[in-house]
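Working notes, beginning with the structure itself.
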Amino acid sequence: MSSSETERPSGAGSPGEPPAGALPAVAPQLRALRRQASLTLEAAARAAGLSPAHLSRLETGQRQPSLPMLLALARIYGTTVSELLGETVAERDSVIRAADMEPTAAGGWTYWQAGAPGRGMQALRVHVPHGSQGDIVRVHPGEEWLHVLRGRLRLRLGDATHRLAAGDSAHFDSLTPHRIAAEDHDGVELLFVHTLLQSPTAALCLGPTPGDVS
């Protein structure tokens, strides 16, 4: 049994697990979405790295899921963390027009929203100028995918450094410490997609934050 499945006395939470009542009641959603995905309790638990007993406790409301668990289950069920939490968002267009992509500056980067807000996945077009935030190490739950549109990128993942040119991509677990920097003086332009563990109103994962590791 993994550490995330260890039983604790009532009222005690594991690291990264919200206290009771911190999340909406997700149990009915978890069971309904699993059945909608035509998965047995055993199959879903195995795919999420949980025991069937632990997933059963989540589905019956005896335990609250941690945010990493929610992300794993959302992937397995083909949905978003927002839907698992029962959050509703306003209707939105599926197509984002270039004319509607207003540039915004954050931490020296310029970015354009390339996806609809309020999703469990965020898509951005990003310009990273030379020398901007190249020394910031980021570590956070989720996954990231990036594709170099123009220029050259220096990407450090853990202890390895990668240099990417236009047309190259990278897809990695964002719990791996990572740094992003432009190799060229003109900067680098990227397509950038990452998963969000927060609610639809969460801030963009850009720029230095109190949680960044340096």
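What follows is calculated from the coordinates using simple rules that are stated; it is not laboratory data. Note that the coordinates shown come from a computational prediction; the quantities given were computed from them, not determined experimentally. Here Cβ is always computed from backbone atoms with ideal geometry, including for glycine, and neighbour counts include all displayed protein chains.
When all alpha-carbon pairs of the range 98-195 are counted, what percent fall beyond 20 Å? For the range 98-195, the fraction of Cα-Cα distances above 20 Å is 33 percent.
Distance between Cα centroids, the range 29-48 to the range 61-86: provide it in whole Å. The distance from the Cα centre of the range 29-48 to that of the range 61-86 comes to 11 Å. Remark: spin-label model distance Leu41-Ala105 equals 5.6 nm, labels positioned 7 Å along the Cα→Cβ axis. Each label was represented as a point 7 Å from its Cα along the Cα-to-Cβ direction; for Ala116 and Thr79 these points are 1.6 nm apart. When each of Glu102, Glu144 is scored by the number of other beta-carbon atoms lying within 10 Å, the sequence from fewest to most is Glu102, Glu144. In terms of other Cβ atoms within 10 Å, Ser132, Ser94 run from fewest to most in the order Ser94, Ser132. Here the residues Val193, Val137, ranked from fewest to most Cβ neighbours within 10 Å of their Cβ, fall in the order Val137, Val193. For Arg150, what charge total do you get from the other residues with a beta carbon under 14 Å from its beta carbon, if Lys and Arg give +1 and Asp and Glu give -1? Net charge in that neighbourhood comes out at -3.
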